[in-house]
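Chemist: One structure coming up, written as structure tokens, with questions to follow.
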Amino acid sequence: MDFKIHYVKIGLSVATLVAIDRISKLLIVLYLKGQMFFFPYVSFRYEKNTGIAWSIPIPHQILLPINIILLSVIPWLAYRYLDFRKVLSILAVILIMAGGIGNVYDRIAHGYVIDFISIGQWPVFNLADAFLTTGIFIILFFYGKIKRV
């Protein structure tokens, strides 16, 4: 496969997931009133997260530059250490980049991240968080199979 086409497909996949994340957050902000339960421990609940993962408080002035630097370095690290002939490598990078971009957009636009998915005692999260977590787990669990030889 032509490398340019390959990276265009990756870029379009990232853009699609970012759009899905943005639309989900917009719908929550516009239409969610209170808390909407689906099962006893699963609900949508709008929250403003000014911290990092699990709402750990870190000042916005420190957090935003760190996020932007990470988003700039991740593609280089992925290209250097992962085998892009493996579908899991591509999927992991797409998920991590989409999740990172979705949350950085929120931080720049609002000063906080819009979270809305609540499951049991877990901290409230959003689709971008789910993308990031899934991408990181793919790398952690399958690194031996997807690393560049």
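The values are calculated or read from the model by the stated rules, or taken from the named source; none is laboratory data. Small disclaimer: the values here were computed from a predicted structure and weren't measured. Heads up, the Cβs are rebuilt from the backbone with ideal geometry, glycines too, and the neighbour counts pull from every protein chain shown. Just the protein is used for accessible areas: all its heavy atoms, side chains included, with ligands, DNA and RNA removed. Shrake-Rupley method; radii C 1.70, N 1.55, O 1.52, S 1.80 Å.
Chemist: Going 7 Å from the Cα of Q61 toward and past its Cβ, which residues in the stretch 103-127 have a backbone nitrogen under 20 Å from where you end up?
Modeler: Answer for this model: 107-113.
Chemist: Using a 1.4 Å probe on the protein heavy atoms, what percent of the accessible area of the chain belongs to carbon and sulfur? Present the calculation step by step, with values, prior to reporting the outcome.
Modeler: Values: 6900 of 9500 Å².
About 73 percent, which is the carbon plus sulfur part of the accessible surface.
Chemist: Turning to a different aspect of this structure: Determine the calculated [θ] at 222 nm for the chain from helices alone, applying -39500 (n - 2.57) to every DSSP H run no shorter than 4 residues and normalising by the residue count; nearest 500 deg cm²/dmol. Show your work: numbers first, answer last.
Modeler: On the way: 4 runs with 95 residues, N = 149.
Roughly -22500 deg cm²/dmol at 222 nm, from the helical runs in the chain.
Chemist: Largest first, what is the accessible-area ranking of R45, R80 with a 1.4 Å probe? All intermediate terms of the calculation are to be shown ahead of the outcome.
Modeler: Values: R45 80, R80 120 Å².
Reading off the accessible areas and sorting them downward yields R80, R45.
Chemist: If you build a Gaussian network model of the chain, linking Cα atoms that sit under 10 Å apart, which residue out of V104, V42, V124 swings the most?
Modeler: V42
Chemist: Compute the distance in nm between two label points, each set 7 Å from the Cα along the Cα-to-Cβ direction, one at I136 and one at K9.
Modeler: 2.8
Chemist: What FRET efficiency do you get for I68 and A109 if R0 is 22 Å and r is their Cβ-Cβ distance, rounded to the nearest 0.05?
Modeler: That pair, I68 with A109, gives E of 0.95.
Chemist: Which lysines have a Cα less than 23 Å from the Cα of K147, not counting those fewer than 8 places away in the same chain?
Modeler: The reachable lysines, counting only those whose Cα sits under 23 Å from K147, are K4, K9, K86.
Chemist: Sticking with this structure for a sec: Compute the separation of the alpha-carbon centres of the stretch 78-101 and the stretch 119-140 and state it in Å as a whole number.
Modeler: Here the two parts' Cα centres lie 16 Å apart.
Chemist: Which of G102, G34, G111 moves the most in a Gaussian network model of the chain with Cα springs under 10 Å?
Modeler: So, out of G102, G34, G111, the one fluctuating most is G34.
Chemist: Let me ask you something else. On full extension of the chain, what length is gained from F37 through R85, given 0.36 nm per residue of separation minus the C-alpha to C-alpha distance? Numbers along the way, then the final one.
Modeler: Values: separation 48, 0.36 × 48 = 17.28 nm, distance 4.16 nm.
Stretched out fully, the F37 to R85 stretch lengthens by 13.1 nm.
Chemist: Compute the accessible area per residue over the stretch 51-149, keeping the other protein chains in place, probe 1.4 Å, unit Å². Walk me through the numbers on the way to the answer.
Modeler: Numbers: 5730 Å² over 99 residues.
The answer is 58 Å² per residue.
Chemist: Which lysines have a Cα less than 24 Å from the Cα of K25, not counting those fewer than 8 places away in the same chain?
Modeler: K33, K48
Chemist: When all alpha-carbon pairs of the stretch 72-148 are counted, what percent fall beyond 14 Å?
Modeler: Details: 1856 of 2926 pairs.
Counting pairs separated by more than 14 Å, the tail of P(r) holds 63 percent.
Chemist: Throw me the Rg/Rh for the chain, computed over C-alpha atoms with Kirkwood Rh, two decimals. Intermediate values should be presented prior to the final figure.
Modeler: Numbers: Rg = 16.3 Å, Rh = 16.3 Å.
With Rg and the Kirkwood Rh in hand, the quotient comes to 1.00.
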